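What follows is a short report on a single structure.
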């Protein structure tokens with residue numbers, strides 16, 4: 001089993017290597033704390049859009065669906081504050097918010113079903129929840145592609161695999 005501190009250090013190193021802006025120990029709106037955040041805004045040739053991608057990593061045991069939703073909602077509000085892109089969301093601009101909860105306990109089946117069924121749908125905003133089970137050394141996230149937003153699911157899966165999941169093996 002990998003320890004949380006080692007996991008965070010490896011992810012932080014991956015973020016820096018991938019040229020993501022790294023922030024540690026931040027307070028998100030709603031009183032939610034985030035241990036590590038990685039952010040990057042870039043142009044994507046898929047759809048010819050500017051994408052603003054955010055990883056928000058929090059440690060919490062006994063993860064619930066509500067925990068994932070709260071981390072996403074707070075993370076999106078925070079992302080809008082820290083990155084003012086002068087484009088209207090939906091007009092060649094979108095946010096990709098990836099809430100990552102790291103747990104030392106195995107998630108409930110209800111929580112795993114939520115992740116595997118695909119996240120809530122938003123206008124020009126993609127929600128891609130991830131749970132890292134340190135005890136089992138496994139990352140749980142949507143591995144299929146939904147029709148809505150299909151262009152970007154492969155990018156989010158690759159990013160989670162490269163920056164997060166790679167630290168487990």
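The values are calculated or read from the model by the stated rules, or taken from the named source; none is laboratory data. All figures in this text were calculated on a predicted structure; none of them were measured in a lab. Cβ atoms come from the backbone with ideal geometry, glycine included; neighbour counts cover every protein chain shown.
Out of the stretch 7-35, which residues are without any contact (Cβ under 8 Å) to a residue 12 or more places away in the chain and closer than 21 Å to residue 61 by Cα?
Correct list: 9, 25, 27, 31.
Looking for whichever is in a loop (DSSP other than H, G, I, E, B), surrounded by fewer than 21 Cβ atoms within 10 Å (Cβ to Cβ) and at pLDDT 90 or above here; the options are 146, 135. Which one fits?
Values: 146 fails: at pLDDT 90 or above.
Going through 146, 135 in turn, the sole match is 135.
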Q: Evaluate the stretch 1-13: report whether one residue or more is assigned to a strand (DSSP E or B) and surrounded by 12 or more Cβ atoms within 10 Å (Cβ to Cβ).
A: no
**Q.** Within the stretch 36-60, tally of residues that are surrounded by 16 or more Cβ atoms within 10 Å (Cβ to Cβ), in contact with a helix residue (DSSP H, G or I) (Cβ under 6 Å, 6 or more places away or on another chain) and in contact (Cβ under 8 Å) with a residue 60 or more places away in the chain
**A.** 1
Q.
For the stretch 107-126, give me the residue count where each residue is surrounded by 18 or more Cβ atoms within 10 Å (Cβ to Cβ) and either modelled with pLDDT under 90 or part of a loop (DSSP other than H, G, I, E, B) (or both).
A. 5
Q. Based on what the data block shows, is residue 72 within 24 Å of residue 139 (Cβ to Cβ), in contact (Cβ under 8 Å) with a residue 40 or more places away in the chain and assigned to a strand (DSSP E or B)?
A. no
Q) What single numbered condition from (1) within 18 Å of residue 60 (Cα to Cα); (2) surrounded by fewer than 21 Cβ atoms within 10 Å (Cβ to Cβ); (3) modelled with pLDDT under 95 fails to hold for residue 83? A) (1)
Q: Would you mention how many residues in the stretch 14-53 are assigned to a loop (DSSP other than H, G, I, E, B) and out of contact with any strand residue (DSSP E or B) (no Cβ under 8 Å at 6 or more places or on another chain)?
A: 7
